[in-house]
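**Q** Dumping the structure here so I can ask a few things about it.
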Amino acid sequence: MPILDTGMLLNRNHPNSITIAIRAVNRGRHHAVVGIQSYRFHSGSVRDEGEFGSEQVRTIRLVALAPAQQEESAFAISHTVQDLQSFGIRIVAGGPGGRDVAATAAELDADGNMLHIHPMPAVRTANRDEKGLAYVANHTQHSLTVIDTSTDTRIMTLPLNAGSSPRQVAITPDGSNVYVTCPGDKTVKVIDSFTQSIRAEIHFPANAVPLGAAIAPDGKIAYVSTLVADYIAIIDTNSLAILKLIPLPEGCDPSYIAVSPDGKHAYCCLISAGAVVVLDTSKRTISMLQLPEGSQPSALAITPCGTFIYVTDIYYERIYVIRSQTGTIVKTIALIPGSDPQSIVITPDGSLAYVANRGSDEIMAINLSRNEMLTMIDLPEGSQLSDLAVTSDGSKVYATVLTFGYVAVIDTQNHMPVAVLPTGSFPSGIAVTPIMLM
């Protein structure tokens, strides 16, 4: 995970403010995500125990960059630094195109004219570079297993409340907070990924049982689907309060939820209604993508460009390829009888999809340029695959295996299992940090 840094800069206007124009551009062929930060070092005396020489970081913005030559492949922002004699600007780049991100920071005068340009070379920062974390929800053990994806080793197990029964996991785009749906005690628990501790518990109304979760690309809103009382809950990630409950058709059983790359729509599978609900995130109104009669959509994934939605159907055992702009099914991919597809993920470069087939104990890889099966990855009989997650560079896929209580790690280059990581009992959900800000 490359880190671009100006190093320490002097505020020529101190003690007044200085304005810095920051520009990041993706020069590669794949999508990237960047976290823009300012930092300073604490200027207290040695008597300030635990503070002297410590770094204080502020995240300015988290931005997705499209591939080169496309709209939104570059981003610029002006940031005003108040009353600091020295400071630095840092960009943490992730995703498959992270290594192709370049950036500059320029000092501006009071009229917005450029005074000086500071290049931002790539630097290597200990312990954070290339590191990501995977969080596994252990449903019957009421815990989370934390895995270091760079070494595929377990870091720790975080116990949750007895009876909480964690089910699905979503992580903010900057990797700082982990949202865990807990149907057992009707809460969403928010975990601080740096301290590995519970930051907050969000309690849901009576009969609203949280199940699916997704985070907006800017990290400001979390979307949670609920059962029994069927809603999509909109949560402010700053205040950690439920802003609104969007009612869904009664008895529709909403499950998996995902947000489009531009953040304009959230999509949720309605298992018992044979449809995918589309939430307009600005107007907070819903519409329906109706699937063939009798369908039972279990999971969905959206291509990085946002053009297509892939929806798994556990009844007909197939995958629908839906054009997001029109809501029309443009392709149907048949699965083998008894597949029982439970989860689907798409690699960050948009080239492959992986489907967890619980019934056949296989992970199917799909070539998305042709919408055809590429290969099958066999797991032990009776595994009962539940959920999938893919690393930000697309190199590995993690699959939760319910029966045996472990996570299987799949190398996406050769489509072979490369590690088996024991977790707690009944690992039902998993998510991997998209980027780890410092």
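**Q** Of the conditions (1) at pLDDT below 95; (2) open to solvent by 30 Å² or more (accessible area, probe 1.4 Å), Asp411 fails just one. Which one is it?
**A** Looking at each condition in turn, Asp411 falls short on (1).
**Q** Okay, next question. State whether one or more residues within the stretch 387-394 are modelled with pLDDT of 95 or more and either of a type in the set (D, E, K, R) or farther than 19 Å from Val169 by Cα (or both).
**A** Within the stretch 387-394, one or more residues are modelled with pLDDT of 95 or more and either of a type in the set (D, E, K, R) or farther than 19 Å from Val169 by Cα (or both).
**Q** I've got another one for you. Can you run down the residue pairs with Cβ atoms below 9 Å, 6 or more apart or on separate chains, where the first is in the stretch 210-228 and closer than 16 Å to Leu62 by Cβ and the partner is of a type in the set (Asp, Glu)?
**A** What qualifies is Pro217/Asp262; Gly219/Asp174; Lys220/Asp236; Ile221/Asp236; Ala222/Asp236.
**Q** Would you confirm whether or not the stretch 382-394 contains a residue that is charged (D, E, K, R), assigned to a strand (DSSP E or B) and in contact with a Pro (Cβ under 9 Å, 6 or more places away or on another chain)?
**A** Yes - at least one qualifying residue is present in the stretch 382-394.
**Q** Can you report the number of residues in the stretch 94-119 which are modelled with pLDDT of 90 or more and either aromatic (Phe, Trp, Tyr) or within 30 Å of Thr412 (Cβ to Cβ) (or both)?
**A** Summing the residues that are modelled with pLDDT of 90 or more and either aromatic (Phe, Trp, Tyr) or within 30 Å of Thr412 (Cβ to Cβ) (or both) in the stretch 94-119 gives 4.
**Q** Determine which member of the set Asp340, Asp393 is among the charged types (D, E, K, R) and under 27 Å from Ala66 (Cβ atoms).
**A** Asp393
**Q** Cβ contacts < 7 Å: first residue among the aliphatic types (A, V, I, L, M), restricted to the stretch 154-181; second residue assigned to a loop (DSSP other than H, G, I, E, B) and surrounded by fewer than 19 Cβ atoms within 10 Å (Cβ to Cβ), any location; separation 6+ or different chain. Result?
**A** Once the first residue is among the aliphatic types (A, V, I, L, M) and sits in the stretch 154-181, its partners that are assigned to a loop (DSSP other than H, G, I, E, B) and surrounded by fewer than 19 Cβ atoms within 10 Å (Cβ to Cβ) give Met156/Gln196; Leu158/Gln196.
**Q** Which strands (runs of 3 or more DSSP E) sit wholly inside the stretch 88-197 and have at least 3 residues that are over 18 Å from the mean Cα position of the chain (by Cα) and surrounded by 20 or more Cβ atoms within 10 Å (Cβ to Cβ)?
**A** By residue number, 101-108.
**Q** Could you check Ile235 against (1) in contact with a Pro (Cβ under 9 Å, 6 or more places away or on another chain); (2) part of a strand (DSSP E or B) and say which number it fails?
**A** Looking at each condition in turn, Ile235 falls short on (1).
**Q** Take Gly7 and tell me if it is farther than 22 Å from Cys305 by Cα, at pLDDT 85 or above and part of a loop (DSSP other than H, G, I, E, B).
**A** Criteria met by Gly7.
**Q** Can you find a residue in the stretch 290-298 that is over 30 Å from Ala206 (Cα atoms) and in contact with a His (Cβ under 9 Å, 6 or more places away or on another chain)?
**A** No: zero hits.
**Q** Report, ordered by the first and then the second residue, all pairs with beta carbons closer than 6 Å, sequence separation of six or more or different chains, a first member in the stretch 12-36 that is over 12 Å from Ile77 (Cβ atoms) and part of a strand (DSSP E or B), and a second member that is polar (S, T, N, Q) and open to solvent by less than 30 Å² (accessible area, probe 1.4 Å).
**A** Listed by first residue and then by second, the contacts come to Ile18/Asn11; Asn26/Ser73; Ala32/Asn26.
**Q** Pairs, please: C-beta under 7 Å, at least 6 apart or cross-chain, first residue under 14 Å from Ser150 (Cα atoms) and in the stretch 407-424, second open to solvent by less than 60 Å² (accessible area, probe 1.4 Å) and part of a loop (DSSP other than H, G, I, E, B)?
**A** Val409/Asp152; Ala419/Asp152; Leu421/Asp152
The values are calculated or read from the model by the stated rules, or taken from the named source; none is laboratory data. For clarity, every value in this text was computed on a predicted model and none was experimentally measured. In this analysis, Cβ positions are derived from the backbone assuming ideal geometry, glycine residues included, and neighbour counts consider all displayed protein chains. Calculation scope for accessible area: heavy atoms of the full protein, side chains included, ligands and nucleic acids excluded. Shrake-Rupley method; radii C 1.70, N 1.55, O 1.52, S 1.80 Å.
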